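The values are calculated or read from the model by the stated rules, or taken from the named source; none is laboratory data. Predicted, not measured: the structure shown is a model, and the values here were computed from it. Glycine gets a Cβ as well: all are built from the backbone with ideal geometry, and neighbour counts include every protein chain shown. The area values use the complete protein model at the heavy-atom level, side chains included, leaving out ligands, DNA and RNA. Shrake-Rupley method; radii C 1.70, N 1.55, O 1.52, S 1.80 Å.
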Amino acid sequence: MDFLYHIHIMTLFPDVVGDMLCESILGRAQERGIIRVDCHQIRDYTLNKQKQVDNYPYGGGRGAVMQADPLYRCWSHIVETYGPGRTIFLSPCGRTFTQEVAKELKARYDHLILVCGHYEGVDQRFLDECVDEEISMG
């Protein structure tokens, strides 16, 4: 089945996100083939048996951030499998998500990759290399 709009969500909590997306308007849109939402578990792209995704920031700093390597491998898998899309990091530092932003994204892109952070943030190297923009959900 071809979908009009494809959204990939990179997250540490795909079951929680997936359950939420199957309800209400988004659930009905998926049932009708208008959109497709796929959640990707970032831990599946780690190389150690502990499935660790956090570490100290590269170059030093306080707190723990999500490692660039598993994020990059997850992102690369999505791009290689489904083609390039607009990559958006969901961050409180980004522009505010509004109805106008939603309309703009729908008009300009048919494929989005949403990156959900955790801990104190995301390794800046991943943001610099892979992310097209940051958007705040409010």
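Overview of values
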quantity	calculated
Odd one out for Val17 among (1) part of a helix (DSSP H, G or I); (2) within 17 Å of Asp123 (Cα to Cα); (3) touching a strand residue (DSSP E or B) at 6+ places or on another chain (Cβ under 8 Å)	(2)
Unmet requirement for Lys106, which otherwise passes all of (1) without any contact (Cβ under 8 Å) to a residue 24 or more places away in the chain; (2) within 19 Å of the chain's Cα centre (by Cα); (3) open to solvent by 90 Å² or more (accessible area, probe 1.4 Å)	(1)
Pairs, first under 10 Å from Ser136 (Cβ atoms) in region 92-103, second open to solvent by 80 Å² or more (accessible area, probe 1.4 Å) and of a type in the set (A, V, I, L, M, F, W, C), C-beta under 9 Å, six or more apart	Pro92/Met137; Gly94/Met137; Thr96/Met137; Phe97/Met137
Matching residues, region 58-78, being surrounded by fewer than 15 Cβ atoms within 10 Å (Cβ to Cβ) and within 14 Å of Glu120 (Cα to Cα)	Tyr58, Gly60, Gly61, Arg62, Gly63
Odd one out for Thr81 among (1) at pLDDT 95 or above; (2) crowded, with 16+ Cβ neighbours inside 10 Å	(2)
Candidate set from region 41-67 (those that are closer than 14 Å to His118 by Cβ and outside any loop (DSSP other than H, G, I, E, B)); member that is farthest from the chain's Cα centre (by Cα)	Asn55
